[in-house]
1. Could you please let me know if B:Arg41 is among the basic types (Lys, Arg), closer than 22 Å to B:Leu159 by Cα and touching a strand residue (DSSP E or B) at 6+ places or on another chain (Cβ under 9 Å)?
2. What tally of residues in the range A:252-268 results from selecting those that are within 14 Å of another protein chain (Cβ to nearest Cβ) and not in a loop (DSSP other than H, G, I, E, B)?
3. What is the residue count in the range A:182-191 for residues that are touching a strand residue (DSSP E or B) at 6+ places or on another chain (Cβ under 7 Å) and modelled with pLDDT under 90?
4. Quick check, is A:Glu114 modelled with pLDDT under 85 and farther than 30 Å from B:Leu48 by Cβ?
5. Considering only the range B:77-175, give the helices (runs of 4 or more DSSP H) lying wholly within it that have at least 3 residues that are facing chain A (nearest Cβ under 9 Å) and closer than 30 Å to A:Asn46 by Cα.
6. At least 1 residues that are of a type in the set (S, T, N, Q) and under 27 Å from B:Met143 (Cβ atoms) in each: list the strands (runs of 3 or more DSSP E) lying fully within the range A:131-217 that qualify.
7. Being assigned by TED's automatic domain parsing to the domain that holds A:Thr155 and either over 21 Å from A:Val268 (Cβ atoms) or modelled with pLDDT of 85 or more (or both) is the requirement here; does A:Thr128 meet it?
8. Somewhere in the range A:166-175, is a residue more than 25 Å from B:Val33 (Cβ to Cβ), within 20 Å of the chain's Cα centre (by Cα) and in the same structural domain as A:Leu267 (by TED's automatic domain parsing)?
Amino acid sequence: MENFFSRYRNATLLVLVLFAQVLGLAVQVKRPDTSGTRLIRFWVVNAVTPIEKALVKTSQSVRGVWGNYFYLRGVRHENRDLKAQVERLRIEQVRLSEDAAQARRLQVLLGFKEQFVSQTLAAQVIGTSGSDLSHVVYIDKGSTDGLKPDMAVITADGIVGKVLRVFHNSSQVLLINDPSSGVGAILESSRLQGILQGTAAGETLLKYVMSDEKVPTGERVLTSGGDRIFPKGLPIGTVQQTNPGGDLFLNIRVKPAANLSRLEEVLVVTKVDETTPQQKLAESSGPVRAADILAERLPSVPPKPAAAASSAASVQPTAGKPASATPATGTSAASGQTGGVAGTTKPAANAAPSSAPSARVTPETTASKAAAKPSGASTPATASGTGQSSAAAAKPATAKPVATKPPASDGQKTKQIDSAGQPAKPAAAPPQTAPSEDLSR
Amino acid sequence: MTDMPLVRTSREEIEVYRFGPVISVLVPLMALVIQAFVPLRVHAFGVLDLPFLVTIFFAVTRRSQLAGMMTGAIIGLVQDALTHQAIGLYGIAKTVAGYGASSLGVKIDVENPGTRLLVTGGFYLVHQAVYFLVARNILGIAMEWLWVRTLLAALLNGLAAIILFGVLDRFKRST
């Protein structure tokens with residue numbers, strides 16, 4: 001026996017070392033507190049991340065010196081272009097902020113609850129796991145900056161992942177293309193929900209969408225908010241390919257909106273609030289219109305008949321577009337319906353937000369039938385102009401038409417304000433060719 | 001071109017090298033940092049496994065199974081700590097690779113580029129196979145064995161080994 005061990009000493013040691021590691025693996029797998037960070041992980045990350053931080057800062061400094069002091073070719077021309085772009089964007093901002101304000105008012109009227117990102121923290125990506133089989137990155141912010149596990153990590157383009165482990169001055173972020181990641185997702189136009197998961201090859205797949213559904217290529221995928229990590233409505237990506245899966249579900253490959261292979265700066269969502277837009281309106285520093293206050297205090301008013309609403313709508317001045325002075329009948333009726341609902345449901349929604357199903361169905365009709373493009377020539381009366389009679393009177397002639405994307409039926413279908421608190425992009429609304437029978441609903 | 005025979009005939013012919021403690025620590029650490037940092041800028045770099053290459057280099061140069069095994073285990077465990085997966089996956093794979101490479105280093109000449117390409121490429125496949133088996137069977141991670149990708153990665157790692165080993169050769173000292 002002694003001969004055996006002395007003869008195969010190295011092989012025996014190999015077996016022992018392997019056995020110890022397998023045992024260690026087994027302990028880790030079975031341990032209930034898997035969320036706790038192991039000491040070895042803590043040591044290694046604390047040893048490696050300072051070097052990575054130094055490398056990132058050095059490369060940034062070099063690039064900064066080069067870009068700011070030497071490589072200035074074409075800067076003047078670029079500056080001129082940017083100034084022109086700023087002017088254009090300012091004009092667009094005025095238009096969009098008006099749309100957003102109107103959307104908020106409509107949401108208030110519907111008792112619409114929304115989640116919004118109220119606080120973010122910018123962080124620099126300083127490293128990866130170094131393994132193709134583990135899609136994680138490290139950022140230069142940690143527990144000292146207030147980061148906690150399960151915080152969402154996003155970029156301006158879309159979501160990136162979530163904070164998995166937090167160290168003192170760095171954090172590990174699990175990317176959405178990792179196999180162990182899961183994100184509640186919803187398709188933008190069809191409103192089909194599924195779960196976005198990564199694969200070992202680094203792809204992202206939308207799962208659990210029934211195979212009898214039609215999912216067109218190029219459709220945008222948004223967060224559904226169902227995972228309680230990512231706020232609802234953040235862009236995830238676009239549908240790249242759809243295949244029938246082996247089971248009842250489709251195999252939908254999604255191209256992430258954020259470039260996960262070239263991340264430099266990210267935003268960690270440190271605070272998500274769920275408030276009604278009423279609170280937002282109350283907190284907003286801008287002047288509150290008398291019409292809004294009035295709308296909140298109005299008692300329940302029975303829905304207006306379509307004809308009355310139509311006539312009310314036709315009186316409403318058009319949105320700074322003389323060409324749109326001839327509203328289609330259907331549109332007017334639709335607007336009247338929205339207004340009627342607004343006037344009717346606001347107090348009810350305040351009292352019991354969840355008990356106003358009818359109130360939430362009607363705007364859906366309006367949304368689908370009478371959604372108007374802000375700049376469309378055929379955009380007639382405004383929602384506020386018909387529903388809130390006083391609001392209509394108070395609204396200046398330059399007011400925008402019906403909200404670019406009115407709130408949807410379930411109170412969660414449409415996100416008017418994006419995560420950064422910016423006005424959402426106006427949705428491409430269909431032309432207003434709603435038949436009158438729909439509008440009378 | 002060296003006239004050294006490919007297969008050694010006796011242990012007396014084997015030249016064993018050693019490294020200073022600074023090199024022994026710094027080289028694996030730099031390999032880990034570069035492996036974690038460079039794919040941020042050059043995504044394709046992720047196909048290389050620098051900690052693996054360093055493991056193989058130390059294993060075949062020191063020509064001690066124990067040293068190769070321990071080098072592989074330590075580098076692998078540290079590499080595991082940077083991932084989000086259970087600690088021990090790379091540890092096991094690199095322990096096996098280190099042990100195997102040092103065992104082979106005792107028997108064959110690993111100084112010429114052709115052998116380095118073959119040894120590194122071959123042990124890369126072993127490393128990936130061990131990783132795959134452990135991840136799939138012990139941890140239950142859903143993984144697919146991608147032949148083309150793995151073979152290509154083995155080739156690239158083998159080519160990288162020729163360059164890297166050439167650089168690291170400067171640090172070795174004869175015993």
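1. Considered against the rule, which asks whether it is among the basic types (Lys, Arg), closer than 22 Å to B:Leu159 by Cα and touching a strand residue (DSSP E or B) at 6+ places or on another chain (Cβ under 9 Å), B:Arg41 comes out as no.
2. So the answer is 3.
3. 1
4. Yes, satisfied.
5. Hits in the range B:77-175: B:89-107, B:113-137.
6. Filter on the range A:131-217 gives A:171-175, A:193-198, A:204-207.
7. yes
8. no
The values are calculated or read from the model by the stated rules, or taken from the named source; none is laboratory data. Small disclaimer: the values here were computed from a predicted structure and weren't measured. Note that we place each Cβ from the backbone using ideal geometry, even for glycine, and neighbour counts take in every protein chain shown.
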